[in-house]
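Scroll down for the structure; my scribbles are underneath it.
The values are calculated or read from the model by the stated rules, or taken from the named source; none is laboratory data. Just so you know, these numbers come straight off a predicted model, no measurement behind them. Virtual Cβ from ideal backbone geometry, glycine too; neighbours counted across all protein chains shown.
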């Protein structure tokens, strides 16, 4: 038995496929979903979702949103998403370092909020690269 997973961003359907398992970056922590999961609606944070197909994990970067789980159907509505095929780990780590520096230099509340968003996206890219390279 499998899950039907759809990831929908405002401009396109990012993912629409069957999978054995999905791990979501919920606002309360990592949330694993297998077939037969009870109905659930959860908020999603910026982070990496992992989809397992044929025993192989595929990372997808999500930029926050919501997920609904019902009858082995996982529908994810997100602000943005990026299916990750390959990431340069060195570039991802450099972007993370730059994001940390940007946050440290932020002075206003608006600058800090924007810097935190950039930092969370940079962390997600490093996490996705680690999944791909393992």
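The set of residues from the range 1-22 being surrounded by 18 or more Cβ atoms within 10 Å (Cβ to Cβ) and under 14 Å from residue 68 (Cα atoms) comprises 3, 5, 7, 22.
Each row is one residue, and each column tells you yes or no for (1) within 19 Å of residue 25 (Cα to Cα); (2) in contact (Cβ under 8 Å) with a residue 24 or more places away in the chain; (3) outside the structural domain of residue 55 (by TED's automatic domain parsing).
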residue	(1), (2), (3)
98	no, yes, yes
105	no, no, yes
114	no, no, yes
127	yes, yes, yes
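Against the list (1) surrounded by fewer than 17 Cβ atoms within 10 Å (Cβ to Cβ); (2) within 20 Å of residue 4 (Cα to Cα), the condition residue 108 fails is (2).
Across the range 26-43, the number of residues qualifying as more than 13 Å from the chain's Cα centre (by Cα), surrounded by fewer than 16 Cβ atoms within 10 Å (Cβ to Cβ) and part of a loop (DSSP other than H, G, I, E, B) comes to 6.
Could you tell me which of the residues 46, 76 is part of a strand (DSSP E or B), closer than 19 Å to residue 126 by Cα and in the same structural domain as residue 24 (by TED's automatic domain parsing)?
Numbers: 76 fails: closer than 19 Å to residue 126 by Cα.
One residue alone meets the criteria, 46.
Counting just the residues of the range 82-120 that are outside any helix (DSSP H, G or I) and at pLDDT 85 or above, which one comes out nearest to residue 33 (Cα to Cα)? For the range 82-120, the residue satisfying everything is 106. Scanning for something without any contact (Cβ under 8 Å) to a residue 60 or more places away in the chain, part of a helix (DSSP H, G or I) and in contact with a helix residue (DSSP H, G or I) (Cβ under 8 Å, 6 or more places away or on another chain), does the range 53-71 turn up at least one residue? No, that holds for no residue.
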